[in-house]
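Can you read through this structure? Questions will come right after.
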Amino acid sequence: MSRKKIRFALFSIVVCGLVILGYWWRISWAAVPVTPTIDAVYTIAPQVIGLQIKEGELELAQQQPYQPQLGDRRLENEHNPNYPVRIQRQGRVIGSLVGPEEDVIYGFDRFVGKPLNLEWADDRFHYQISSPDDSNYHTTQFPTAVFRKTKPSDRGETRQGLVWPLEHRLYLELPTALQPDKTYHLEFSGQVLPTQRWRYQPQQQWSEAVHVSQIGFRPDDLVKVAFLSAWLGSGGGWNYPEQLPFTVVNDRNNKVVYRGKAQLNKLADAPEDARDRNYTHADVYALRFDRLQQPGRYRVCVAGVGCSDPFRIAADVWQDAFQLSMQGFLAQRSGVEFQPPEVAQRRPRPFHPDDTPIYQSTTSLMQTTMGIGPQNVFKSLARTGTQTSVPEAWGGYFDAGDWDRRIQHLEATRLLLELFELFPEQLTTTQLQIPEARNSLPDLLDEALWNLDFYRRLQESDGGIRGGVESVDHPRRGEASWQNSLPTYAYAADPWSSYLYAATAAQAAEILQAVKPKLAKVYRQSAIAAMDYAETHPPYALPNRPHHIDDARNLAAAQLYRLTQDPQYHEIFLATTVFKQPSQFPWVWGQHGQAEAAFLYARLPDEQTNLTVQIHARNALLRDGDRAVEVGQKTAFNWSKDEPYQPLGWGGSLGTPKAIHLLRAHALTQNEKYLKAAVLAAQFSAGANPINMAFTTGLGDRSPQNPLVIDTRVTAQAPPPGITVYGPLDVVRFQDYWIFEQLHPYVFPELFQWPTAEAYFDVFLFPAATEFTIMETMAPTAYTWGYLALRQSE
């Protein structure tokens with residue numbers, strides 16, 4: 001959401017005082033030669049050695065039963081009563097009390113290891129390279145230069161302050177190029193790091209400079225590509241020669257199966273978008289191997305540089321990725337217990353009214369900052385809360401790292417339902433790992449209805465839809481979802497929420513008519529009741545009518561018209577559509593967002609539509625697809641955007657493939673250019689990027705380890721699979737973001753010099769990068785991967 005910028009902002013007040021202590025911790029070790037971990041030695045080019053060095057790790061805080069002792073002192077925050085009580089014992093704070101009964105205490109993280117002496121590391125005379133069989137190195141040589149980039153790999157809170165495990169990349173520029181199949185020794189003065197010995201075999205060894213998708217490719221994918229680039233931090237972008245040869249090799253036996261030459265995709269200083277920004281700071285080359293269709297497991301290797309991570313070419317690669325993305329939805333379910341093997345994580349039942357009291361508020365979501373209004377959500381809920389319990393307020397999806405459930409989440413449900421509409425036969429038989437897998441409904445519909453049913457339970461007798469459930473503050477430190485101790489309320493009903501629900505329920509009813517007619521009738525009646533409520537309850541509470549209300553009304557009318565064929569809904573649609581004009585885009589920031597309605601109306605039988613409006617809607621979608629193709633052609637890694645001027649951050653960042661515009665255009669035309677652009681747009685988020693990381697947990701060799709999932713963090717469990725995070729953040733565009741004050745001492749080069757494509761810091765409690773939402777990141781990823789899996793063979 002656009003307002004995600006303010007989420008967790010209150011935490012900055014709490015932690016800013018810890019920054020000074022954390023910085024003191026870093027400096028206090030600066031002169032101590034220690035032995036950190038060298039995780040990898042590789043080459044960027046024949047004359048550049050790369051070292052990946054890990055500095056420290058966290059032992060995460062643990063929850064323990066709280067056993068009070070004589071003399072324990074309760075420390076309460078006089079400025080914020082919602083902040084957890086801390087316990088001071090014998091003069092030191094031992095942790096925060098957790099849960100309504102305050103019978104659990106959550107302690108502090110512990111940093112293990114000591115920092116690398118960076119002054120030592122940056123001195124080229126501390127590295128000696130020699131070789132027994134390369135005559136250029138019979139005599140020990142020093143690098144001609146040492147470059148470095150450093151960033152945090154997590155963030156911990158200890159008793160002494162904030163601590164930051166770090167990842168260093170050191171680049172040693174050599175006086176003479178290494179020779180293939182020769183052996184080299186790299187020694188470090190003072191034995192600060194262990195001696196490294198390796199045989200230089202760039203046709204077999206990994207390099208961070210060669211980037212490829214961790215999903216892989218279908219044999220019939222119209223484009224298959226890896227990328228070559230390297231930003232050396234203080235050394236800037238590395239310049240590779242033109243037409244550098246590359247091969248694709250079998251990962252099992254190293255046999256060459258394809259040969260090609262690198263083609264320049266984008267220069268380091270060339271603008272990539274309408275903002276005239278370059279987001280990579282290095283020349284980027286495309287390594288295309290479109291004609292390779294033989295299934296297998298491969299690596300892309302660049303002459304003298306090294307190889308990519310392994311990837312597959314197989315018929316099921318997109319299907320596997322889609323299945324993974326759907327596991328994330330299961331992990332975000334509220335109101336149910338999790339246990340292996342169904343779900344990898346263990347979690348008691350959270351936010352069920354039988355366990356956690358949920359009361360009614362008289363504030364609607366529409367009125368608040370978490371909706372489309374001006375009112376502070378937390379203050380409004382606390383001020384207008386009642387003692388009326390809402391026992392039906394369970395289920396739905398947690399929003400992100402925290403636990404609110406809001407009507408905007410139905411956008412995710414509609415995308416899943418739209419995917420089912422496009423591929424009903426395939427998805428009827430597609431099995432997901434969900435508890436409902438053995439019932440009579442297709443599994444994708446079960447997952448979609450899990451979310452929709454939460455809001456149906458929140459429907460009031462007059463048809464109005466309450467917009468969700470929210471607590472009066474962000475989660476308390478150390479509390480898991482099932483331990484919530486904050487007052488929690490259901491929003492009051494409002495027309496905006498009711499329109500959005502009516503649209504989704506009508507869409508579900510349309511699909512269910514052919515699958516489960518009785519259930520279809522339930523949703524049909526519920527959708528009509530919600531629409532009737534919204535039509536008779538104008539949003540007078542808002543001083544200026546946001547376009548979101550008319551957009552929601554337009555979508556609800558379109559869905560209900562398709563379902564019922566009632567002309568009154570067609571009239572409402574025509575009265576509120578922007579497609580009476582011939583040159584509109586489906587989405588224009590601050591003006592309208594009617595892409596869903598346009599796609600539905602464009603697919604209706606001609607005789608059911610106003611043909612002029614239908615043609616305009618269809619043309620708008622194709623215009624949007626053409627623009628997305630053009631955006632992708634200009635970017636270094638061929639990622640696209642929802643809109644050319646959209647900044648790279650939050651829901652607009654690169655962790656999610658921006659391909660829905662392209663796929664809708666393809667669905668309408670079957671034009672290969674849209675499908676090709678969609679496959680390209682899906683590469684960066686899947687691992688074909690400068691840090692070689694897939695931004696969905698559990699995907700490939702590198703994925704986020706510290707997403708903002710509070711439940712797994714406070715219980716020291718691995719993150720659930722299938723969570724797609726926001727990803728890299730444009731640190732220049734968002735340079736006033738609160739966490740940057742903390743990050744500055746631990747990032748090198750200076751933070752605002754980092755290219756956006758590398759500015760992903762896998763740090764817990766970095767919402768703009770490691771958080772996510774159901775509708776902004778997870779649903780578009782699932783839709784994209786699902787479409788690419790289910791489309792017909794080319």
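Using modelled amide H (1.01 Å from N, peptide plane; none on Pro or chain starts), what sits under 5 Å from the amide H of residue 358, excluding residues fewer than 5 places away?
It is 390, by chain and number.
Determine one quarter of the surface area of the Cα convex hull of region 203-344, which equals its mean projected area, and express it in nm² to one decimal.
Across all orientations, region 203-344 yields a mean hull projection of 12.3 nm².
Let me ask something additional. Between the DSSP loop rule and a limit of at most 14 other Cβ atoms within 10 Å, which chymotrypsin sites (Phe, Trp or Tyr not before Pro) in region 571-632 are left? Mind dumping the intermediate values first?
On the way: sites: 573, 579, 587, 589, 599, 601; in loops: 579, 589.
Taking region 571-632 and a limit of 14 other Cβ atoms within 10 Å, the loop chymotrypsin sites (Phe, Trp or Tyr not before Pro) found are 589.
If the viscosity is 1.002 mPa s and the temperature 20 °C, what Stokes-Einstein diffusion coefficient in µm²/s follows for region 470-626 when Rh is the Kirkwood radius over Cα pairs?
Details: Rh = 17.2 Å.
Translational D for this selection: 125 µm²/s.
Let me make sure I get this right: for region 529-619, a, b and c are the square roots of the gyration tensor eigenvalues over alpha carbons, sorted descending. Under 1.5 in a/c it's rounded, otherwise prolate if a/b > b/c, else oblate. Which is it?
Judged from the Cα gyration tensor, region 529-619 comes out oblate (a/c at least 1.5, b/c at or above a/b).
Taking residue 641 as the anchor, which lysines have their alpha carbon closer than 22 Å to its alpha carbon, excluding any fewer than eight residues away along the same chain?
4, 5, 224, 266, 658, 673, 676
Tell me, what is the FRET efficiency for residue 90 and residue 741 to the nearest 0.05, using R0 = 25 angstrom and their Cβ-Cβ distance as r? Walk me through the numbers before you get to the answer.
On the way: r = 32 Å, r/R0 = 1.29.
FRET efficiency, residue 90 to residue 741: 0.20.
Which lysines, if any, have their Cα less than 27 Å from the Cα of residue 114, not counting same-chain residues under 8 positions apart?
Within reach: 54, 149, 151.
I've got another one for you. Do you know the relative contact order of the chain, to the nearest whole percent, from alpha carbon pairs under 8 angstrom that are 6+ apart? Display every interim value, and only then the final one.
Working: 1845 pairs, mean separation 110.7, N = 794.
That works out to 14 percent.
What does the highest-first list of 50-58, 552-560, 124-132 look like by mean Cβ count within 10 Å? Present the calculation step by step, with values, prior to reporting the outcome.
Working: 50-58: 19.3, 552-560: 27.9, 124-132: 16.3.
Listed from highest to lowest mean packing, they are 552-560, 50-58, 124-132.
Report P(r) for region 641-715: all Cα-Cα distances, bin width 5 Å, range 0 to the bin holding the largest distance, values in whole percent.
3, 15, 18, 19, 18, 13, 7, 4, 2, 0
Would you list, by chain and number, the aspartates and glutamates whose Cα falls below 13 Å from the Cα of residue 182, excluding same-chain residues fewer than 8 positions away?
Filter leaves 133, 134.
A further question follows. Arranged from highest to lowest average of other beta-carbon atoms within 10 Å per residue, in what order do the peptides 313-320, 768-775 appear? Can you show the working numbers first?
Details: 313-320: 18.2, 768-775: 26.2.
Listed from highest to lowest mean packing, they are 768-775, 313-320.
While we're here: Okay, which of region 343-362 sit inside 18 Å, backbone N to the point 7 Å along the Cα-Cβ direction of residue 462?
360-362
Could I ask something else about it? In nm, to one decimal, how far is the residue 794 label point from the residue 179 one, both placed 7 Å along Cα→Cβ?
Distance between label points: 4.4 nm.
Separation between the residue 355 and residue 439 pseudo-spin-labels, each 7 Å from Cα along Cα→Cβ, expressed in nm?
Going by the 7 Å Cα→Cβ label model, 2.0 nm.
Semi-axes of the equivalent ellipsoid for region 590-695, please: Cα gyration tensor eigenvalues, times 5, square-rooted, ordered largest first, whole Å. Don't skip to the answer; put the middle values down first.
Numbers: eigenvalues 161, 40, 23 Å².
Working through the eigenvalues yields semi-axes of 28, 14, 11 Å.
If you don't mind, another one. Report, please, the projected area of region 659-794 averaged over directions, based on the convex hull of its C-alpha atoms, in nm².
9.6
Still on this structure: Treating the angle as unsigned and between 0 and 90°, give the value, to the nearest 10°, between the Cα long axis of helix 660-669 and the longest Cα principal axis of the chain.
Taking the Cα atoms of the chain, the angle to 660-669 is about 70 degrees.
Dividing the Cα radius of gyration by the Kirkwood radius, what Rg/Rh value follows for the chain?
On the way: Rg = 27.4 Å, Rh = 27.9 Å.
Taking Rh as the inverse mean 1/r over Cα pairs, Rg/Rh reads 0.98.
Quick note: the coordinates plus some simple rules give every number you see, no bench work behind them. Owing to the predicted nature of the structure, the values given are computational and were not obtained by experimental measurement. No Cβ is skipped: glycine too gets one built from the backbone with ideal geometry, and neighbour counts run over all protein chains shown.
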